[in-house]
Amino acid sequence: MPRRPHTALILEANAETLAPVVSADGLNARGAMQAFITWATSTSRREELIRRSAFPVPDDMLAFLVVSQLAYQGAARPTELANATRTGRSNLSKVLRRLEEVELVGRMVNPDDGRETRVALTPTGREVAERIIAAAETDYADATAEWTEEERVVFNDLFVRLVLDLDRRVGGEIRRFSGAPWSVSPRPWDPRS
């Protein structure tokens, strides 16, 4: 059956159609979280971190994302990495081969069951991951430079509480998708250190 030609739906440019659905009255925690997530996961932000960290494969965004995930997760199953980087297993296999060629990652047998494969950063890969994190932390340190120690602790505690409470609400999906260690750190996050 032939497709009908598409006709654009023309809207009137008025206050309602121009306004956002969420946070139309100004920035609040929900709008701030969305803005932060959008910025932090944007291509331009990631390209800036690739440049500032001197990532050794500068034209390979997916390789950058894999190394970044491993920085937070530690050794991970390929399926976890594929999910976290929003790619398929076959595409991830190609990326892992490229990262192995530049000696940023290697594979190992899962020590817990001896059957499945885990991917981990090599010593060189850890150095690269540390540069990526340091590049990002510089921005956060600058942004929070005038915060008091108490403000940093309150922010840390409330944000961790939000994530833990939300994770319980969504059946552990945040924990599963992040792959990161899930026990609460005894030290609050301080991007200056």
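The values are calculated or read from the model by the stated rules, or taken from the named source; none is laboratory data. Predicted, not measured: the structure shown is a model, and the values here were computed from it. Positions of Cβ are generated from backbone atoms using ideal geometry, with glycine treated the same way; all protein chains shown enter the neighbour counts. We work out accessible area using only protein heavy atoms, side chains counted, and drop any ligands, DNA or RNA first. Shrake-Rupley method; radii C 1.70, N 1.55, O 1.52, S 1.80 Å.
Just one of A141, A145 is more than 19 Å from L65 (Cβ to Cβ), open to solvent by 50 Å² or more (accessible area, probe 1.4 Å) and among the small types (G, A, S); which is it?
On the way: A141 fails: open to solvent by 50 Å² or more (accessible area, probe 1.4 Å).
Among A141, A145, only A145 is more than 19 Å from L65 (Cβ to Cβ), open to solvent by 50 Å² or more (accessible area, probe 1.4 Å) and among the small types (G, A, S).
Does segment 93-118 hold any residues that are hydrophobic (A, V, I, L, M, F, W, C) and modelled with pLDDT under 95, and which are they? Talk me through it step by step, then tell me what you get.
Quick first cut of segment 93-118, residues hydrophobic (A, V, I, L, M, F, W, C) only: 95-96, 99, 102, 104-105, 108-109.
M108, V109, listed by residue number.
Of the residues V57, V102, which single one is under 20 Å from the mean Cα position of the chain (by Cα) and touching a residue at least 12 places away in the same chain (Cβ under 8 Å)?
V57
Is at least one residue of segment 119-133 in contact (Cβ under 8 Å) with a residue 24 or more places away in the chain and farther than 25 Å from E48 by Cβ?
Among the residues of segment 119-133, at least one is in contact (Cβ under 8 Å) with a residue 24 or more places away in the chain and farther than 25 Å from E48 by Cβ, which makes the answer yes.
Looking only at residues in segment 60-99 that are in contact (Cβ under 8 Å) with a residue 24 or more places away in the chain and part of a loop (DSSP other than H, G, I, E, B), which one is surrounded by the fewest Cβ atoms within 10 Å (Cβ to Cβ)? Show your work before the answer.
Keep residues of segment 60-99 that are in contact (Cβ under 8 Å) with a residue 24 or more places away in the chain, which gives 60, 62-64, 66-78, 80-81, 83-84, 87, 91-92, 95-96, 98-99.
Next, only the ones that are part of a loop (DSSP other than H, G, I, E, B) stay: 60, 74-75, 77, 87.
On the way: D60: 17, G74: 13, A75: 18, R77: 15, T87: 17.
The residue in question is G74.
Kindly establish whether R152 is in a loop (DSSP other than H, G, I, E, B) and in contact with a Ser or Thr (Cβ under 9 Å, 6 or more places away or on another chain).
Working: in a loop (DSSP other than H, G, I, E, B): no; in contact with a Ser or Thr (Cβ under 9 Å, 6 or more places away or on another chain): yes.
The answer is no for R152.
Please specify each residue of segment 1-59 satisfying the condition of being more than 19 Å from A134 (Cβ to Cβ), among the hydroxyl-bearing types (S, T, Y) and open to solvent by less than 60 Å² (accessible area, probe 1.4 Å).
S23, S42
When you look at A136, is it in contact (Cβ under 8 Å) with a residue 40 or more places away in the chain, closer than 22 Å to T41 by Cα, surrounded by 12 or more Cβ atoms within 10 Å (Cβ to Cβ) and under 22 Å from the mean Cα position of the chain (by Cα), yes or no? Spell out the reasoning first.
Values: in contact (Cβ under 8 Å) with a residue 40 or more places away in the chain: yes; closer than 22 Å to T41 by Cα: yes; surrounded by 12 or more Cβ atoms within 10 Å (Cβ to Cβ): yes; under 22 Å from the mean Cα position of the chain (by Cα): yes.
Taking the combined requirement at face value, the residue satisfies it.
Cβ-Cβ distance below 9 Å, separation of 6 or more or different chains: which pairs start in segment 37-51 with a residue that is touching a residue at least 12 places away in the same chain (Cβ under 8 Å) and end on one that is surrounded by 11 or more Cβ atoms within 10 Å (Cβ to Cβ) and outside any helix (DSSP H, G or I)?
E47/P58; L49/F55; I50/V57; I50/P58; I50/D60
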